[in-house]
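The values are calculated or read from the model by the stated rules, or taken from the named source; none is laboratory data. All values derive from a computational prediction rather than experimental measurement. Methodologically, a virtual Cβ is constructed for each residue, glycine included, from the backbone with ideal geometry; neighbour enumeration extends over all protein chains shown. The area values use the complete protein model at the heavy-atom level, side chains included, leaving out ligands, DNA and RNA. Shrake-Rupley method; radii C 1.70, N 1.55, O 1.52, S 1.80 Å.
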Amino acid sequence: MASPLRFRYAPGSWSPGRVESDLYRPLDSNLGADSGRPWFKPPSGYQARRFEMDNGDVALFCWGSDDGPEGTDGGPAGYWIGNTETPQRLWKTEKYGFEEIPYPISRWAEKELLAQLHRESPWLEPYAHISWFFLPVFLSKDGRETTREFFRDHAAGFPDATREDGLSFYESVLSTGALDPYRETMAGKLGTSKQLDLTRMRAAMGEFDAAKLLIDAGYEITPEIPVTTGHSLDYRAEKSGTEPTLVEVTRPLPPSRRAASTPVAAVRDTAETKTSGQLEAHAGGVTLFVDCTSFPDDAWASVLAEKPDVRHKPAIVFRYRPDGRVEGYRKGAALDLGGAV
């Protein structure tokens with residue numbers, strides 16, 4: 001499985017002739033390719049080429065001279081990004097994320113790739129922050145079809161909702177900017193598999209649901225917190241006047257999609273899997289978020305009526321609807337969510 005889109009940094013002097021011989025000709029020979037000017041003007045002091053392959057792949061290459069990514073000597077270099085095969089001349093080059101390379105290059109490439117994304121999937125264009133945030137997976141080599149299908153045909157994990165409903169919800173979550181510094185990590189949670197894995201993708205969106213709950217309650221959040229057990233917990237949540245809190249998220253499947261016979265059993269079983277493993281090893285100090293957003297109305301109603309224990313305290317069990325409404329209950333002295341629920 002290929003990873004989300006990243007840049008390859010190729011130090012050394014590049015010229016149109018070298019780009020032709022080392023990059024374009026191998027691509028054309030193997031896949032059939034066109035080489036042309038980029039759609040947007042490259043950064044000052046740089047030249048650029050856009051490669052479009054016969055199979056629908058796309059790649060960008062720009063070259064010039066700058067300080068380079070942190071830890072490099074800088075100087076003349078080229079930057080490659082694309083969802084196609086990598087030409088052999090670039091095989092041993094180092095990879096860098098969008099935030100790790102000089103901003104003018106990153107921003108230019110994002111303009112090119114966003115235009116490509118919206119040409120292929122115009123239904124994403126009204127959702128500017130979703131398009132930008134998930135760009136590394138929406139145009140990844142292996143996951144570009146499945147990740148878009150998840151948003152287009154499955155309302156990003158909401159049951160009984162339209163595509164517009166689901167995308168509008170996550171556009172509001174991401175537009176806060178709270179997760180912008182962690183885009184590569186968080187977007188990558190969707191995965192870049194050629195096979196559509198709805199269970200994993202819905203679970204990944206549970207972390208975005210938890211983020212909304214924390215943000216709306218006034219917390220500043222940092223994802224992927226390493227702990228002494230060797231695990232990473234989903235969030236550290238901090239708010240003025242309170243102690244920082246660690247949060248772990250789990251998202252049970254509704255009974256129709258799992259072996260559990262009732263919605264209450266689904267909640268208990270999923271929470272037990274988390275608490276008997278990762279949280280048990282951590283030995284306390286973590287708030288468990290149980291996200292029931294995948295549950296349809298009738299299943300959630302039975303959970304809310306019974307408010308089952310989840311074998312861990314503190315815990316918050318909640319469910320979002322696409323219009324932003326959230327219901328839930330708590331067990332133990334959980335986070336101060338104020339009026340967020």
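Compared with the dominant Cα axis of the chain, that is its longest principal axis, helix 163-174 is turned about 90°.
Treating r as the C-beta distance of Glu145 and His231 and R0 as 35 Å, the FRET efficiency rounds to 0.65. Annotation: the antiparallel percentage among DSSP beta bridges lying fully within the chain is about 80. Rg over Rh for region 187-269 works out to 1.03, using Cα positions for both radii and the Kirkwood form for Rh. Overall, the accessible surface of region 72-188 at a probe of 1.4 angstrom is composed of carbon and sulfur to the extent of 46 percent.
The relative contact order of the chain, computed from alpha carbon pairs under 8 Å that lie at least 6 residues apart in sequence, is 13 percent.
For the residue pairs Lys95/Lys239; Lys212/Lys313; Lys95/Lys189; Lys95/Lys194; Lys41/Lys141; Lys194/Lys313, the alpha carbons lie more than 27 Å apart in Lys95/Lys239; Lys194/Lys313. Across q = 0.13 Å⁻¹, region 113-239 modelled as identical point scatterers on its alpha-carbon atoms has Debye log10 I(q)/I(0) values of -0.52, in the order of the q list.
Taking all protein chains into account, the per residue accessible area for the chain stands at 44 Å² (1.4 Å probe). Taking the Cα centre of each part, how many Å lie between region 298-332 and region 188-216? Centre-to-centre distance over Cα atoms comes out at 19 Å.
Approximating the spin labels as points 7 Å out from Cα along Cα→Cβ, the Thr185-to-Asp160 distance works out to 3.6 nm. If you take all C-alpha pairs in the chain, what percent of them are over 34 Å apart? I get 33 percent for the Cα pairs in the chain exceeding 34 Å. Rounded, prolate or oblate for region 120-159? Axes are the square roots of the Cα gyration tensor eigenvalues, ordered a ≥ b ≥ c, and the cut-off for rounded is a/c under 1.5. Oblate, because a/c is 1.5 or more while a/b does not exceed b/c.
For region 55-118, the fraction of C-alpha pairs more than 15 angstrom apart is 54%. Within the chain, the longest segment free of exposed loop sites, counting trypsin sites (Lys or Arg not before Pro) that fall outside DSSP classes H, G, I, E and B and have at most 11 other Cβ atoms within 10 Å, spans 93-324. Averaging 1/r over every pair of different alpha carbons in region 148-205 and inverting the result gives a Kirkwood radius of 12.0 Å. Stokes-Einstein, applied to the Kirkwood radius of region 69-181 over Cα pairs at a viscosity of 1.002 mPa s and 20 °C, places its translational diffusion at 136 µm² s⁻¹. Placing a label point 7 Å from the Cα of Glu327 along the Cα-to-Cβ direction, no residue of region 140-167 has a backbone N closer than 14 Å. Each Lys and Arg Cβ is given +1 and each Asp and Glu Cβ -1; about its Cα centre, region 1-144 then shows a dipole of about 160 debye. Between the Cα long axis of helix 297-306 and the first principal axis of the chain there is an angle of about 50°, rounded to the nearest 10. The angle between the Cα long axis of helix 198-216 and the longest principal axis of the Cα atoms of the chain comes to about 70 degrees, rounded to the nearest 10.
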